[in-house]
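A.B. asks: Let me give you the structure first, and then I'll get to my questions.
The values are calculated or read from the model by the stated rules, or taken from the named source; none is laboratory data. As the structure is a computational prediction, the values presented were derived from the model and not from experiment. Note that we place each Cβ from the backbone using ideal geometry, even for glycine, and neighbour counts take in every protein chain shown.
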Amino acid sequence: MPQYEFYCHACKKTFTKILMKSLALVFLFLAMNVYAQTTAPTAAEAQEFMNKAEAQLADLSVKVQRASWVQENFITDDTEAMAADAIDENTAVTTELVEQAKRFDGLALPPELARKFMLLKLSLTAPAPKDAALRREMTTIGVSLDADYGKGKYCRKNGECLDITAIEKLMSTSRDPEELKEVWAGWHAIAPPMRQRYSRFVALSNQGAREIGFKDVGALWRAGYDMTPEEFSADLERLWNQVRPLYLSLHTFVRWKLAEKYGPNVVPPDGPIPAHLLGNPWAQEWENIYDLLGVQEDKGGVNVTELLKKKLDAKGMVKYGEGFYTSMGFAPLPPTFWERSLFTKPADRDVVCHASAWDVDNMDDLRVKMCIQVRGVDFVTIHHELGHNMYQRAYKDQPFMFKNGANDGFHEAIGDSIALAITPEYLHRVGLLENAPEDSNDIPELLKQALERVAFLPFGLMIDQWRWKVFSGEIAPADYNKAWWALRLKYQGVAPPMTRSEADFDPGAKFHVAANVPYTRYFLAMILEFQFYRALCHESVYTGPLNRCTFYGSKKTGAKFNQMLAMGQSKPWPDALEVLTGGRQVDASAILEYFAPLQKWLDEQNKGKKVGW
Ligand code: X8Z
Ligand code: ZN
């Protein structure tokens, strides 16, 4: 008898038992699955999910950094494609993680973990649609706009082509209004080809934002400040109202002096200032026209550009910058910083010259990329960029999600609060200024600082006032340029040097619009850096007038600063602010205190002059 006809009763029983048990297990498994789908998952699962997400994103971020570093240092079609690949992968994974994380919505989590989930959702500046083709389209456009900005040039009639470094240089020194107008228009002509792609980029990233639960990209950006987007907007309004009178005093004085220089036909004495006459392609910082204001340097000011030119080259300027931080107890920059950074514009290739600081491996691979010119403003920018690097290194031991500034305004403010301490006394102490400064007259130095920092305030605010409305749809693509100039007028009191139309796309001639970098951070930073500076001065036991304070060499001050920096983004920003300043609110009292003597002086000078436009 073939074995298969053999009948075993015991076997049947056992088989039935096994079958029953298996069925029970299958049911149990199914039931558990249904349970898992329909009931809240556990905090432990959330923790495990986040651990994996952090590891994955940390890994991808290094790939993005490397690809972007190469792309911005060697702009070619190939490097653009490679950067787009890396960004696309990172965006795809982040989008998927945000989707999966929805499962933990509403679950009670320890505060640190809950914060990480919130930060994950906010982590993409350009959120992308889930659809892979649309995501790819968005990423490709984003990289191409950044590259177009980097490649931008204006070629003059004589065949000479000017990149942005050359244009900035020319606009800072030329005093010929016709030439300035020509070069201003030449630079702005890089942008119209970006217009179509920009509006498509806006539509695609808005779709991405909506898919992860935000009204639009602007709402997502405004959600990154540990308060509601509405509260944040109200806070900006409060801060702007605090500093606006100071800006108006400066605007009035500068317009008057420019009207004297160029005549009322070029500068209307009671209207907006033409934007090409302020020493900068975007009229965002005005320090380059200091010499037109009739306040002489020999009466108390220091010409930092001249001092630098006597002694330093680009790298030497960075060494001095590093020296300020090490004097406060920060470790020197690693050897790779000096090997891998870009300090001067290469002669033979296109690079994105706009200054930036990098943390390529989220640990020690710090770099700056900058086309340094030997001049005072670049010395400030060097301290600004090194501030980013010092912050990055201070929080390197935080978990990946917390490796960031307490908010983006903090990140922008660190280096500038150090740059405020580049006082004449400091310059003397480090041997750049021969004679010890006289304390008799602070106005020249204060005026220079105001041209750089107070003049910047409305510009720092208006860029995202424009962009938020663009993202929300309140400004339609057909009105991009008109709305841009309406806000330039409203906040800055500047006007374009010639008639503009919707054939132009003037916002695209500004790096952060082309490269999709949020801008409100710089407005916040301009106020915060004075709060930081005042706190650092107090820490160094300084008691004189705020504008003369330097804390060069104070290890105690450095240690306090580092305490805040090392927190990264692990706590809501008011906690970080409290560590350094004792307060929990951004407020303009420090910047107003710093400039109080200048404002008094300006208002005396301005007597009888019309304020505003
Ligand atoms: O973009 C920058 C830095 C790099 S984060 C150089 N800044 C803004 C600008 O240039 O428009 C610094 C001040 C404002
Ligand atoms: Zn910066």
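A.B. asks: Please state which of the following conditions Ile414 fails to meet, knowing it meets all the rest: (1) within 16 Å of ligand 1 (Cβ to nearest atom); (2) of a type in the set (A, V, I, L, M); (3) over 17 Å from Ala559 (Cα atoms); (4) not in a loop (DSSP other than H, G, I, E, B).
C.D. replies: Just one mismatch for Ile414, condition (3).
A.B. asks: Shifting gears a bit: Does His538 qualify as being farther than 25 Å from Arg238 by Cα, surrounded by fewer than 21 Cβ atoms within 10 Å (Cβ to Cβ) and not β-branched (Val, Ile, Thr)?
C.D. replies: yes
A.B. asks: When the residues of the range 527-547 are narrowed to those that are hydrophobic (A, V, I, L, M, F, W, C) and in a helix (DSSP H, G or I), which ends up nearest to ligand 2 (Cβ to nearest atom)?
C.D. replies: Top of the filtered list is Leu528.
Residue-wise test of (1) surrounded by fewer than 19 Cβ atoms within 10 Å (Cβ to Cβ); (2) in a strand (DSSP E or B); (3) at pLDDT 95 or above.
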{"residue": "Pro332", "(1), (2), (3)": "yes, no, yes"}
{"residue": "Asp348", "(1), (2), (3)": "yes, no, no"}
{"residue": "Val352", "(1), (2), (3)": "no, no, no"}
{"residue": "Ala357", "(1), (2), (3)": "no, yes, yes"}
{"residue": "Asp361", "(1), (2), (3)": "yes, no, yes"}
{"residue": "Ile372", "(1), (2), (3)": "no, no, yes"}
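A.B. asks: Let me spell it out: the conditions are (1) in contact (Cβ under 8 Å) with a residue 12 or more places away in the chain; (2) away from ligand 2 (no atom under 16 Å from the Cβ), and Arg453 meets all of them except one. Which number is the exception?
C.D. replies: (2)
A.B. asks: So if I check each of Ala53, Ala83, which one is under 24 Å from Leu342 (Cα atoms), assigned to a helix (DSSP H, G or I), touching a residue at least 40 places away in the same chain (Cβ under 8 Å) and of a type outside the set (Ser, Thr, Tyr)?
C.D. replies: Result of the check over Ala53, Ala83: Ala83.
A.B. asks: Restricting attention to the range 378-405, and to residues there that are of a type outside the set (Phe, Trp, Tyr) and more than 15 Å from ligand 2 (Cβ to nearest atom), which single residue is nearest to the chain's Cα centre (by Cα)?
C.D. replies: Within the range 378-405, the match that is nearest to the chain's Cα centre (by Cα) is Lys403.
A.B. asks: Limited to the range 561-579, what total is found for residues that are surrounded by fewer than 22 Cβ atoms within 10 Å (Cβ to Cβ) and either in contact with a strand residue (DSSP E or B) (Cβ under 6 Å, 6 or more places away or on another chain) or assigned to a helix (DSSP H, G or I) (or both)?
C.D. replies: Number of matching residues: 6.
A.B. asks: Output the residues belonging to the range 487-526 that are within 15 Å of ligand 2 (Cβ to nearest atom) and either among the hydrophobic types (A, V, I, L, M, F, W, C) or in a helix (DSSP H, G or I) (or both).
C.D. replies: Scanning the range 487-526 gives Phe511, His512, Ala515, Val517, Thr520, Arg521, Tyr522, Phe523, Leu524, Ala525, Met526.
A.B. asks: Given the criterion β-branched (Val, Ile, Thr), crowded, with 19+ Cβ neighbours inside 10 Å and in contact with a strand residue (DSSP E or B) (Cβ under 8 Å, 6 or more places away or on another chain), identify the matching residue among Val494, Val513.
C.D. replies: Answer to the selection: Val494.
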